[in-house]
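Okay, structure first, notes after.
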Amino acid sequence: MTVLAIDVHGLVKRYGQRTVVDHVDLQIGTGRICGFLGPNGSGKTTTLRMICGLLTPDEGNGTCLGEDIIAGRDAIKRQAGYMTQRFGLYEDLTIRENLDFVARVYGLADVNRQVSDALARLGLESRQNQLTGSLSGGWKQRLALAACVMHQPKILLLDEPTAGVDPKARRSFWDEIHALAAEGITVLVSTHYMDEAERCHEIAYIAYGKLMARGTAEEIIAHSGLKAMVVTGAGADRLAPLLRDAPGITAAAAFGTALHVCSPDADAIRAAVARVLKAQAGLRAEDAEPTLEDVFIHLMGQATDNAVAA
Amino acid sequence: MSGFSRRLWAMMTKEAHQLRRDRMTFAMMFVMPIVQLVLFGFAINTDPKGLPAAILAYEHSTLSRSIISAIGNTGYFAFVQEPQSEAEADALLQRGDVQFVVTIPGNLTRNVMRGDVPGILIEADATDPATTGPALSAVNAAVSQTLARELTGVLNRHQAGTQAVEVRLHRRYNPEGITRFNVVPGLLGIILTMTMVMMTALAVTREYERGTMENLLAMPVKPLEVMAGKIAPYVIIGAMQVFVVLVAAKLLFGVPFVGSPAVFGVAVVIFLTVNLAIGFTFSTIARNQLQAVQMSFFFLMPAILLSGFAFPFRGMPGWAQVLGETMPATHFIRIIRGVMLKGASFPQVANEIAVLLFMLVIVVAVAISRYRVTLD
């Protein structure tokens, strides 16, 4: 059995009447990259904060790196790197000053060398005396990551690290995360991007505070029991609104000129597709693999139903 | 509606909605004027009565007693001490325990009967001329009236219009009664209160507003370390401010500095730290920078009005004096006036320094308990 870097059970966090995180269990093995997905306001940030000791759970318990998430808060902070959703470094300090500060707070030996190394890895040596506020979004994210790995944490908690960052910067960001994981660092990263989810070893999907699915991308798709079809041909994409409210259909979305339809019910799909084919001549339909996005939209729908039923 | 008035309306409603959400600002706008009106309306009195005085009597006779009671009857003097020697009386005055020392010379009655004009000495702590002024101007008339009534028969050797006893006024520490000498050291206390509290009042709120607090909390830095780290640089800035004010006070106004720079330095450092810690506490309470600034102002007003800076401390009613005692500026101003103008030594200001230290401990304890290590 692998050693668990994160092992939490039944985490609950309430704000007033609202339960933001509702009995979430999460186990992540050492050296794994776990993608944390879910709609906005589903409790991803709150869960991350509870794991790294920034919030006290109302219920539940667990460990992070073997330390209790409540009693061992200080020990966790020393060994974890947490990258906040909003840029958390000081915009009115230079790049080097920010790194100096972080290095000193963690009590690193030889601050100067460590910071120089970090700057070299980032390729920011020539701009080290520039104000941090003048960096572009992509650079800020890379700097923030560099700042939170300088003390060689055993675990990284990244809260939507690539929001609003261009594809090239995202790509290099993820290369870096994989390199870190190869060194044995455990990573829990929240994201909205499906391509990023697919780059994770495993995925945890949370909606309305409840953990809805766990596993690899393939496992999650396989377990969802969803079926999908794709309709191609001129103007197929414009027929999406026709199917959105069709009975039993989870999602009908245009992808370029193709129309992608999915549902847990194969008959419902066939019925819906038949309607489309009848509505317009010259279209072709064939079976397709449901995507991760289909699964998440499906899960979100289920969670909404639960929330309404409760 | 025209385009202008529509857009104006849009702006106005937006501002009104935002203001309505900011409960604290809203409360301050209504509570502050009322509190201040009541507080300062009742507390401020520029004609202080019942000032503590010591009587040093070398003769106890009918005449001396009636002179003392005449002085007391002006209402300005409250005899609370009866020192046995000149040195003891001096110490009382220097520590600020009394505002006046009245000395009745020996052989008073005999000298009056012989037709000499003996002198009654009234020494005043004139560091604040506003406090002593009205008392000193009332005392002469009161004494001569009493003498005219008392000195009848054989005692009345003097012609009408001449004085049997001379009242000599001695304005100590500030013989010319220069108001500036009193105002400048007091101003130092006020300037430091204003700048220091404001500086750190923004310290924590700024971290929250800029979104850097979460990152800071995720790192292994302890509340006391955050607080001390945020305060320390401003102690140095405050010390520089003090230096600038002192040089300006000397060059522009010729304010004397007769006491010990070391005692002065100790008091300054403690006072700076207390104020910075108060500002830090505000910043743990305020939700945004505007609120923090408002709290600083709310704190500054009584520091100006009730600390003895702007109005005589002893002129205020008891409750206002109690309130004044709770403010660091009150104690600091006493120490600074004592050291600069009266040459007070460490033991003479030790009590006030102890009070400042006590305040420091309390404020730091409150600040640390208010500082959250989580985002809960």
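Key figures for this structure:
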quantity	calculated
Set A:121, A:171: member being of a type in the set (Lys, Arg) and free of Cβ contacts under 8 Å to residues at least 12 places away in the same chain	A:171
Hits in segment A:137-196 (condition: among the charged types (D, E, K, R) and in a helix (DSSP H, G or I))	A:140, A:142, A:168, A:170, A:171, A:175, A:176, A:195, A:196
Residues of segment A:251-282 classified as open to solvent by less than 40 Å² (accessible area, probe 1.4 Å) and of a type in the set (S, T, N, Q), total	1
Any hit, segment B:357-371, residues being closer than 30 Å to residue B:135 by Cα and either open to solvent by 50 Å² or more (accessible area, probe 1.4 Å) or more than 14 Å from chain A (Cβ to nearest Cβ) (or both)	no
Filter result for residue B:88 (open to solvent by 20 Å² or more (accessible area, probe 1.4 Å) and part of a helix (DSSP H, G or I))	yes
Residue check, residue B:255 free of Cβ contacts under 8 Å to residues at least 24 places away in the same chain and farther than 23 Å from residue A:83 by Cα	no
Whichever residue in segment B:292-344 is surrounded by 17 or more Cβ atoms within 10 Å (Cβ to Cβ) and among the aromatic types (Phe, Trp, Tyr) and, among such residues, is nearest to residue B:187 (Cα to Cα)	B:309
Number of positions in segment A:49-104 that are more than 30 Å from residue A:16 (Cα to Cα), open to solvent by less than 60 Å² (accessible area, probe 1.4 Å) and part of a helix (DSSP H, G or I)	8
Counted residues, segment B:196-227 - those being open to solvent by 30 Å² or more (accessible area, probe 1.4 Å) and away from chain A (no Cβ under 14 Å)	2
Members of segment A:168-221 found to be polar (S, T, N, Q), open to solvent by less than 10 Å² (accessible area, probe 1.4 Å) and either outside the structural domain of residue A:156 (by TED's automatic domain parsing) or over 13 Å from the mean Cα position of the chain (by Cα) (or both), listed by number	A:186
Check on residue A:144, assigned by TED's automatic domain parsing to the domain that holds residue A:75 and touching a residue at least 60 places away in the same chain (Cβ under 8 Å)	yes
Hits in segment A:28-48 (condition: away from chain B (no Cβ under 14 Å), within 19 Å of residue A:153 (Cβ to Cβ) and not in a loop (DSSP other than H, G, I, E, B))	A:28, A:29, A:33, A:34, A:35, A:36
Of residues in segment A:105-127 being part of a loop (DSSP other than H, G, I, E, B) and either open to solvent by 40 Å² or more (accessible area, probe 1.4 Å) or within 14 Å of another protein chain (Cβ to nearest Cβ) (or both), the one nearest to residue A:171 (Cα to Cα)	A:123
Unique match (being open to solvent by 30 Å² or more (accessible area, probe 1.4 Å) and either in contact (Cβ under 8 Å) with a residue 12 or more places away in the chain or part of a helix (DSSP H, G or I) (or both)) among B:248, B:277	B:248
Residue B:347, sole failed condition from (1) open to solvent by 10 Å² or more (accessible area, probe 1.4 Å); (2) touching a residue at least 12 places away in the same chain (Cβ under 8 Å)	(2)
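Residues checked against (1) modelled with pLDDT of 90 or more; (2) outside the structural domain of residue B:303 (by TED's automatic domain parsing); (3) under 24 Å from residue A:143 (Cβ atoms); (4) out of contact with any helix residue (DSSP H, G or I) (no Cβ under 9 Å at 6 or more places or on another chain):
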| site | (1), (2), (3), (4) |
| --- | --- |
| B:191 | yes, no, no, no |
| B:196 | yes, no, no, no |
| B:200 | yes, no, no, no |
| B:214 | yes, no, yes, no |
| B:217 | yes, no, yes, no |
| B:220 | yes, no, yes, no |
| B:229 | yes, no, yes, yes |
| B:237 | yes, no, no, no |
| B:240 | yes, no, no, yes |
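The values are calculated or read from the model by the stated rules, or taken from the named source; none is laboratory data. Everything numeric in this text was worked out from a predicted model, so none of it was measured. Note that each Cβ is placed from the backbone with ideal geometry, even for glycine, and that neighbours are counted across all protein chains shown. To get the accessible areas, we keep the full protein, side chains included, count just its heavy atoms, and leave off ligands, DNA and RNA. Shrake-Rupley method; radii C 1.70, N 1.55, O 1.52, S 1.80 Å.
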